[in-house]
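Participant: The structure under discussion is supplied below as structure tokens; questions concerning it will follow.
The values are calculated or read from the model by the stated rules, or taken from the named source; none is laboratory data. These figures come from a predicted structure and were not determined experimentally. Using ideal geometry, Cβ is built from the backbone for each residue, glycine included, and neighbour counts are taken over all protein chains shown.
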Amino acid sequence: MTTTNRDDINRRTENRHLLRRLCAGVDSVKTVPIMRLLLAVFLAAMALLWVFRGAVFVTDAFGPLAKLFDALVQILLAVCTVVGFIAILIIMGTPWGSKRAREDLQKIGLINHAGEAPILVSKKQDKNNPRLTVWEFDPCGIPLQEWEDKQARIETALNIIIAKMVWGAGRKIIRVYAVPAESDFPALLRWNDKFLSADNFVLVLGESLLGPVTVNLAHIPHILLGGSTGSGKSVLLKLLLMQALRKGAEIYIADFKGGVDFPKVWHKKCRMCFTEADLLYTLNQLVAVLEYRKSRLAETGCPDLDAYNRATGENLPRLVFACDEVAEVLDRTGRSKEDKELLGQIENRLATIARQGRAFGIHLILATQRPDATIIPGQIRNNMDFRACGRADSVLSQIILDNTSAAEQIPKDARGRFILHDGTIFQGYLFDEGQL
Ligand SMILES: Nc1ncnc2c1ncn2[C@@H]1O[C@H](COP(=O)(O)OP(=O)(O)O)[C@@H](O)[C@H]1O
Ligand SMILES: [Mg+2]
């Protein structure tokens with residue numbers, strides 16, 4: 001690209017930017033009363049100046065010369081009014097720190113082929129989440145992919161933590177949702193019953209920089225949790241079960257650790273399985289319920305459990321089966337032939353629920369710490385669409401999320417910090433049995 005070409009492009013960009021600032025200024029005058037007031041003060045000042053111009057602009061001339069002088073003063077005042085008016089509008093339409101932001105992005109090399117950095121066109125608080133600031137940029141032709149590749153550098157340059165970056169206004173704008181760099185997840189967020197969602201059947205997991213992280217079991221029926229020991233899986237699993245209980249679900253729990261993870265208080269409210277035989281019996285029951293509900297829904301022509309309950313006036317509850325350390329349960333190494341047969345059946349029932357459970361309100365919440373792909377068969381894993389992984393090595397992260405982001409982005413000392421399949425990081429609520 002020649003220098004003349006580049007200068008041409010730069011000039012056109014500047015003109016476009018000036019026009020946009022002017023339009024933004026007009027908008028802000030329309031919407032922000034203080035801006036209208038400022039403009040009114042300016043116009044009033046100019047009007048006063050015009051009225052008292054004889055006293056302000058004094059001349060010794062008289063006769064036609066004095067008339068000419070007055071005409072010149074009037075022209076000057078008219079020009080100043082128009083130019084000042086436009087200048088004020090442009091200043092009003094320029095977001096605070098826009099020049100600085102552009103220079104900072106230039107420095108980190110977020111530039112197009114003409115050497116231009118993106119232009120900040122507006123910066124405001126997010127309406128839905130006051131913690132977030134939305135920076136709107138004219139990307140000057142720099143694709144979103146490049147922004148994402150340079151995310152860490154943009155964060156340093158602008159002194160922010162980016163929650164997400166998306167296209168806006170028909171791909172003319174890139175919106176960066178961010179919080180100040182000093183902000184971070186609180187290390188501890190205690191569960192409070194007021195966080196319970198009123199929506200059917202939404203469970204709340206914790207908070208990301210974008211606000212609460214939730215999962216609606218009516219849409220995404222099964223949940224897979226991963227993370228190394230001490231990452232906070234069991235706490236999160238129990239947080240979800242507690243909410244499901246409050247919402248009237250029936251809970252089934254496989255606990256082979258002799259009640260270490262699920263103390264007595266759970267035994268009263270949930271159906272517990274302590275042995276493999278008991279587990280298979282329970283899963284058989286769940287599959288039988290699934291088959292029963294399938295035929296009832298088919299008879300009534302209802303697409304799912306909620307529709308069925310609405311149509312019939314019945315109140316069939318959702319059923320949730322939970323297993324912490326599911327890999328331990330399904331591991332067949334060193335087991336006898338009969339045991340292997342039994343485990344095969346358990347796996348088979350879990351796969352049936354994973355495949356068909358959604359419409360019939362039968363859900364799985366499974367957790368594991370074992371980085372062992374063969375342990376959770378594809379039939380189960382592939383149907384578990386909501387996946388969260390806490391602190392983990394890259395192998396476990398890969399198994400849970402199909403990428404290594406948990407190993408890269410969750411600090412080694414974090415507890416209750418998880419990352420979702422879509423990259424959202426959140427701090428889970430800490431919940432203890434006393435709140436059950
Ligand atoms: N959301 C959380 N916030 C803060 N601390 C947590 C959270 N979840 C777990 N912890 C801490 O981590 C410890 C281990 O959690 P746990 O759920 O038992 O881990 P895991 O099941 O992954 O081994 C808990 O005893 C608690 O002290
Ligand atoms: Mg655990």
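Participant: Can you tell me which residues in region 260-297 are among the hydroxyl-bearing types (Ser, Thr, Tyr) and touching a residue at least 24 places away in the same chain (Cβ under 8 Å)? Step through it out loud before you land on a result.
Facilitator: The initial filter retains those residues of region 260-297 that are among the hydroxyl-bearing types (Ser, Thr, Tyr), namely 275, 281-282, 292, 295.
Answer for region 260-297, where residues must be among the hydroxyl-bearing types (Ser, Thr, Tyr) and touching a residue at least 24 places away in the same chain (Cβ under 8 Å): just Thr282.
Participant: Hey, another quick one. Is it the case that some residue within region 107-123 is free of Cβ contacts under 8 Å to residues at least 12 places away in the same chain and out of contact with any Lys or Arg (no Cβ under 6 Å at 6 or more places or on another chain)? I'd like the intermediate steps shown before the answer.
Facilitator: Taking region 107-123 and keeping what is free of Cβ contacts under 8 Å to residues at least 12 places away in the same chain, we get none.
No, every residue in region 107-123 fails to be free of Cβ contacts under 8 Å to residues at least 12 places away in the same chain and out of contact with any Lys or Arg (no Cβ under 6 Å at 6 or more places or on another chain).
Participant: For region 246-271, name all the residues that are more than 26 Å from the chain's Cα centre (by Cα) and away from ligand 2 (no atom under 16 Å from the Cβ). Write out each step before concluding.
Facilitator: Step one: list which residues in region 246-271 are more than 26 Å from the chain's Cα centre (by Cα), which gives 248-271.
Passing the criteria: Gly248, Ala249, Glu250, Ile251, Tyr252, Lys264, Val265, His267, Lys268, Lys269, Cys270, Arg271.
Participant: Related question: If we scan region 427-436, do we find a residue that is more than 16 Å from ligand 1 (Cβ to nearest atom), buried (at least 16 other Cβ atoms within 10 Å of the Cβ) and farther than 17 Å from Leu283 by Cβ?
Facilitator: The first filter runs over region 427-436 and keeps only residues more than 16 Å from ligand 1 (Cβ to nearest atom), leaving none.
Within region 427-436, not a single residue is more than 16 Å from ligand 1 (Cβ to nearest atom), buried (at least 16 other Cβ atoms within 10 Å of the Cβ) and farther than 17 Å from Leu283 by Cβ.
Participant: I've got another one for you. I need a count of the residues in region 196-218 that are touching an Asp or Glu at 6+ places or on another chain (Cβ under 9 Å) and farther than 17 Å from Asn128 by Cβ.
Facilitator: 4
Participant: For region 408-419, give me each residue that is more than 15 Å from ligand 1 (Cβ to nearest atom) and under 10 Å from Gly390 (Cα atoms).
Facilitator: Residues of region 408-419 more than 15 Å from ligand 1 (Cβ to nearest atom): 408-409.
Gln409 - this is the single residue of region 408-419 that is more than 15 Å from ligand 1 (Cβ to nearest atom) and under 10 Å from Gly390 (Cα atoms).
Participant: Still on this structure, I have one more. Of the conditions (1) modelled with pLDDT under 95; (2) more than 16 Å from ligand 2 (Cβ to nearest atom); (3) of a type in the set (Val, Ile, Thr), Val215 fails just one. Which one is it?
Facilitator: (1)
Participant: Sort through Phe85, Phe62, Phe137 and tell me the only one that's in contact (Cβ under 8 Å) with a residue 12 or more places away in the chain, not basic (Lys, Arg) and not assigned by TED's automatic domain parsing to the domain that holds Val176.
Facilitator: Values: Phe62 fails: in contact (Cβ under 8 Å) with a residue 12 or more places away in the chain; Phe137 fails: not assigned by TED's automatic domain parsing to the domain that holds Val176.
Only one candidate qualifies: Phe85.
Participant: Give the residues of region 302-317 that are in contact with a Phe, Trp or Tyr (Cβ under 9 Å, 6 or more places away or on another chain) and touching a residue at least 40 places away in the same chain (Cβ under 8 Å), sorted by residue number.
Facilitator: Result: Asp304, Leu305, Asp306, Leu316.
Participant: Follow-up. Of the numbered conditions (1) farther than 24 Å from Leu430 by Cβ; (2) out of contact with any strand residue (DSSP E or B) (no Cβ under 7 Å at 6 or more places or on another chain); (3) assigned to a helix (DSSP H, G or I), Ala407 satisfies every one except a single condition; which is it?
Facilitator: The number of the failed condition is (1).
Participant: Give the residue that is nearest to ligand 1 (Cβ to nearest atom), with candidates limited to residues of region 200-219 that are over 27 Å from Val395 (Cβ atoms) and crowded, with 24+ Cβ neighbours inside 10 Å. Full working, then the answer.
Facilitator: At the first step, the residues of region 200-219 found to be over 27 Å from Val395 (Cβ atoms) are 200-204, 207, 209-212, 214, 216-219.
Next, only the ones that are crowded, with 24+ Cβ neighbours inside 10 Å stay: 203, 217.
Details: Leu203: 15, Leu217: 20 Å.
Among those residues, the one meeting the criterion is Leu203.
Participant: Applying the selection to region 391-405, what residues are within 13 Å of ligand 1 (Cβ to nearest atom) and closer than 25 Å to Ala351 by Cβ?
Facilitator: Of all residues in region 391-405, those within 13 Å of ligand 1 (Cβ to nearest atom) come to 391-392, 396, 400.
Once the filter is applied, which keeps residues that are within 13 Å of ligand 1 (Cβ to nearest atom) and closer than 25 Å to Ala351 by Cβ, region 391-405 yields Ala392, Leu396, Ile400.
Yes/no per residue for (1) within 20 Å of Gly428 (Cβ to Cβ); (2) aliphatic (A, V, I, L, M); (3) within 16 Å of ligand 2 (Cβ to nearest atom); (4) assigned by TED's automatic domain parsing to the domain that holds Val202:
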| residue | (1), (2), (3), (4) |
| --- | --- |
| His222 | yes, no, no, yes |
| Leu236 | yes, yes, yes, yes |
| Leu240 | yes, yes, yes, yes |
| Arg293 | no, no, no, yes |
| Leu297 | no, yes, no, yes |
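Participant: Can you go through Phe418, Phe360 and tell me which one is at pLDDT 95 or above, farther than 23 Å from Thr229 by Cβ and aromatic (Phe, Trp, Tyr)? Talk me through it step by step, then tell me what you get.
Facilitator: Details: Phe418 fails: farther than 23 Å from Thr229 by Cβ.
Phe360 is the lone residue from the list that is at pLDDT 95 or above, farther than 23 Å from Thr229 by Cβ and aromatic (Phe, Trp, Tyr).
Participant: Could you list, in sequence order, the residues of region 162-208 that are of a type in the set (Ser, Thr, Tyr) and in contact with a Phe, Trp or Tyr (Cβ under 7 Å, 6 or more places away or on another chain)? Let's see the steps before the verdict.
Facilitator: Residues of region 162-208 of a type in the set (Ser, Thr, Tyr): 177, 183, 197, 208.
Within region 162-208, just Ser208 meets the criteria.
Participant: Specify which of the listed residues (Arg53, Arg20) is farther than 30 Å from Ile111 by Cα and in contact (Cβ under 8 Å) with a residue 12 or more places away in the chain. Don't jump to the end; show me each part of the working.
Facilitator: On the way: Arg20 fails: farther than 30 Å from Ile111 by Cα.
So the residue among Arg53, Arg20 that is farther than 30 Å from Ile111 by Cα and in contact (Cβ under 8 Å) with a residue 12 or more places away in the chain is Arg53.
Participant: Cβ contacts < 6 Å: first residue within 11 Å of Ala367 (Cα to Cα), restricted to region 318-345; second residue assigned to a loop (DSSP other than H, G, I, E, B) and of a type in the set (Lys, Arg), any location; separation 6+ or different chain. Result?
Facilitator: Once the first residue is within 11 Å of Ala367 (Cα to Cα) and sits in region 318-345, its partners that are assigned to a loop (DSSP other than H, G, I, E, B) and of a type in the set (Lys, Arg) give Ala327/Arg370.
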